[in-house]
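Input: a single structure, listed below in structure tokens.
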Amino acid sequence: MLRYCGNLASSSARSLACRTFATTEVRHVDSQPGQKDVDQLFNAESQPRRRHALCLNRIELLGGCGDDPVARVSRSGVEYVTFNLFTNIDFRKGDGSTGERVEMHNIHVFGNQANFVKSNIMKGSRVFVIGRLHYEGGAMRPDGTRSPRNASITAENILPINRPANQNREE
């Protein structure tokens with residue numbers, strides 16, 4: 001484009017068509033936002049709430065109960081039931097042999113499902129759990145580190161597959 005600028009007849013047309021390219025150096029001080037800018041960016045009241053597209057938090061587990069369900073009461077007085085569900089994972093090792101790993105999942109059940117679990121689920125029962133993943137912890141400690149995050153499953157539906165034949169629940 002620059003070689004065509006010399007062919008323009010008038011100097012004003014030449015100056016419009018061939019502006020000089022000026023670069024300015026960005027100083028480090030100018031590139032850093034101030035504390036006021038950062039506070040405004042992360043202030044909950046200053047930002048409109050974002051509406052996200054479709055989100056899904058769903059867990060489906062099929063496994064065995066490790067212990068009898070335990071009834072608990074939350075700080076707010078809500079009754080719920082917890083139990084551990086064990087699942088097996090088969091995998092192939094690098095040498096071609098197979099291995100098995102057992103994973104334990106902490107399940108929380110609320111409402112009418114909690115009553116159902118207390119009366120129908122026991123140690124050894126095979127169940128299908130549909131729920132959502134929930135994390136607890138991760139709070140900032142005074143020393144600047146975070147507490148560990150613990151994952152649990154909040155059950156929405158629990159379907160018993162079978163229960164141990166040799167155990168009868170005493171009511």
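The values are calculated or read from the model by the stated rules, or taken from the named source; none is laboratory data. None of these values were measured; they are calculated from a predicted model. We place every Cβ from the backbone using ideal geometry, glycine too, and count neighbours over all the protein chains shown.
Observations on the structure shown:
- Scoring Glu100 on the criteria (1) among the acidic types (Asp, Glu); (2) loosely packed, with under 11 Cβ neighbours inside 10 Å; (3) assigned to a loop (DSSP other than H, G, I, E, B) leaves a single failure, condition (3).
- Which numbered condition Gly124 fails, given (1) on the phi > 0 side of the Ramachandran plot; (2) exposed (fewer than 14 other Cβ atoms within 10 Å of the Cβ): (2)
- Members of region 115-150 that are over 19 Å from Gly64 (Cβ atoms) and part of a strand (DSSP E or B): Arg132, Leu133, His134, Tyr135, Glu136, Gly137, Met140, Arg146, Arg149, Asn150
- Against the criterion of being more than 16 Å from the chain's Cα centre (by Cα) and part of a strand (DSSP E or B), Asn157 qualifies.
- Within region 50-81, considering residues that are in a strand (DSSP E or B) and without any contact (Cβ under 8 Å) to a residue 60 or more places away in the chain, the one surrounded by the fewest Cβ atoms within 10 Å (Cβ to Cβ): Val73
- Gly137 meets each of the listed conditions (1) at pLDDT below 95; (2) at negative phi; (3) touching a strand residue (DSSP E or B) at 6+ places or on another chain (Cβ under 8 Å) apart from (2).
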